[in-house]
Amino acid sequence: MRGPHYGSVDVFLEALTDARPGDVLVIDNGGRRDEACVGDLAVLEAEASGVAGVVVRGLHRDTPDLVGIGLPDFSYGRHAPGPVRLDPRDPDALHTAQFGAHEVTAADVVFADDDGVLFVSAARVTEVLETARALFRTEREQARRIRAGDTLRAQTRFDAQLAGRAEDPSYTFRRHLRRIGGAIEE
């Protein structure tokens, strides 16, 4: 369930009317930094609807209450005042949300953790999860080796990358990592 915010909580209530357990409420407030568009009441209602979390392209308020509620919520930050505007609603308000250059629809899957949010087309979820698992395994092994004294420079043969770049300025670190099987910049 997705949709832009128009200055009134009714768009959330309408979106949550059709929510299924495990859905994620994605709110597009245009990345605005001058108002919060979600607070404790909207997040409590989302929790009561069974959604798995709330993602906001904009700001939130009521931070201590949101922490206490415990429903995963992601925003660009906090801001005390809510909207004082009321914009006309777009006909696609409950079907799409814009996050940067990307349009998010119900056909997308949301992944989120303490580092951020990722929207993935449902058709690519298996591929993305396989890649993420492979990167995780590689990076955990690299971290283990650093702790054991094998520096990341040694693991990535960084001296060879520098020599390769000196010979060919287009030889990037990512290209080098792909050649040797490193994962830190994928």
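Derivation of every value follows stated rules applied to the coordinates shown; laboratory data play no part. Everything quoted here is computed from the prediction, not taken from an experiment.
Contact order for the chain, expressed relative to its length and based on alpha carbon pairs under 8 Å spaced 6+ residues apart, stands at 18 percent. Take every DSSP beta bridge whose two residues both sit in the chain; close to 45 percent of them are antiparallel. For the chain, the 222 nm mean residue ellipticity estimated from helices alone, with every DSSP H stretch of n ≥ 4 adding -39500 (n - 2.57) and the total spread over all residues, rounds to -11000 deg cm²/dmol. Taken one residue at a time, the phi angles of segment 113-125 give Karplus couplings (6.51, -1.76, 1.60, θ = phi - 60°) of 8, 4, 8, x, 10, 10, 9, 10, 4, 3, 5, 10, 4 Hz. Gly and Pro are set to x. Residues whose amide H comes within less than 5 Å of that of residue 74, counting only those at least five positions distant or on another chain, are 54, 55, 56 (H built at 1.01 Å from N in the peptide plane). Each Cα pair under 8 Å and six or more residues apart adds its separation to the average, and for segment 2-106 the resulting relative contact order is 34 percent. Computed from the Cα positions only, the extents of segment 2-106 along the three principal axes stand at 33, 31, 24 Å, in decreasing order. In the chain, the alpha-carbon atoms span a convex hull of 165 Å³ per residue.
Taking the Cα atoms of segment 127-180, the ratio Rg/Rh between the radius of gyration and the Kirkwood radius comes to 1.06.
For segment 94-186, what mean projected area does the convex hull of the alpha carbons give, in nm²?
Computing the convex hull of the Cα atoms and averaging its projections yields 8.2 nm².
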